[in-house]
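Chemist: Dropping a structure here in structure tokens format, bear with me for questions.
The values are calculated or read from the model by the stated rules, or taken from the named source; none is laboratory data. What you see is a predicted model; the values in this text were computed from it and never measured. Every residue, glycine as well, gets a Cβ built from its backbone with ideal geometry; the counts of neighbours run over all protein chains shown.
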Amino acid sequence: MKILALEKEFAGKTTEDFQKYSEAEAMHVWNLYKSEKIREIYFRGDQKSAVIILECKDIEEAKEVLSTLPLVKNKLIDFDIIPLIPYPGFERLFKKK
């Protein structure tokens with residue numbers, strides 16, 4: 001299942017709070033990317049927060065994967081998790097009339 005995860009920062013955190021874990025976070029994301037749990041990762045253009053596409057069997061697995069990130073473990077960020085399904089609208093183009 002393809003899952004969209006939108007990062008949200010907890011209030012009151014400083015740049016220094018994030019810098020403590022930035023290298024460990026990058027390494028962990030890289031390992032999740034190599035394991036194909038994280039398929040794509042971006043930063044939003046309008047704010048400094050991550051947008052991640054995961055490939056997991058369900059939402060629970062996605063939550064487990066994201067909970068292993070150093071920034072999540074240290075309560076700096078969390079994620080809104082959105083399950084995705086294929087767009088069904090193209091079927092309208094091929095309906096028999």
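Chemist: May I ask you to list pairs of residues, at least six apart or on different chains, whose Cβ atoms are under 8 Å apart, with the first in the range 17-32 being under 24 Å from E55 (Cα atoms) and the second being assigned to a helix (DSSP H, G or I)?
Modeler: Matching pairs, first to second residue: A24/P70; E25/P70; E25/L71; H28/P70; L32/V65.
Chemist: Can I ask one more? For the range 34-45, give me the residue count where each residue is surrounded by fewer than 14 Cβ atoms within 10 Å (Cβ to Cβ) and either touching a Phe, Trp or Tyr at 6+ places or on another chain (Cβ under 6 Å) or closer than 20 Å to L76 by Cα (or both).
Modeler: Number satisfying all stated conditions: 3.
Chemist: Which residue pairs have Cβ atoms closer than 6 Å, lie 6 or more positions apart in sequence or on different chains, and pair a first residue in the range 1-16 that is touching a residue at least 40 places away in the same chain (Cβ under 8 Å) with a second residue that is assigned to a strand (DSSP E or B) and exposed (fewer than 14 other Cβ atoms within 10 Å of the Cβ)?
Modeler: What qualifies is I3/P83; L4/I82; L6/D80.
Chemist: Follow-up. What residue, among those in the range 1-54 that are among the basic types (K, R), at pLDDT 95 or above and not in a strand (DSSP E or B), is nearest to V65 (Cα to Cα)?
Modeler: Of all residues in the range 1-54, those among the basic types (K, R) come to 2, 8, 13, 20, 34, 37, 39, 44, 48.
The next check asks that each one be at pLDDT 95 or above; those that pass are 2, 8, 13, 20, 34, 37, 39, 44.
In the following step, the residues that additionally are not in a strand (DSSP E or B) were identified as 13, 20, 34, 37, 44.
On the way: K13: 23, K20: 21, K34: 13, K37: 8, R44: 21 Å.
Out of the qualifying residues, it is K37.
Chemist: Restricting to the range 43-83, what's the tally of residues that are more than 9 Å from the chain's Cα centre (by Cα), under 13 Å from K8 (Cα atoms) and not aliphatic (A, V, I, L, M)?
Modeler: 7
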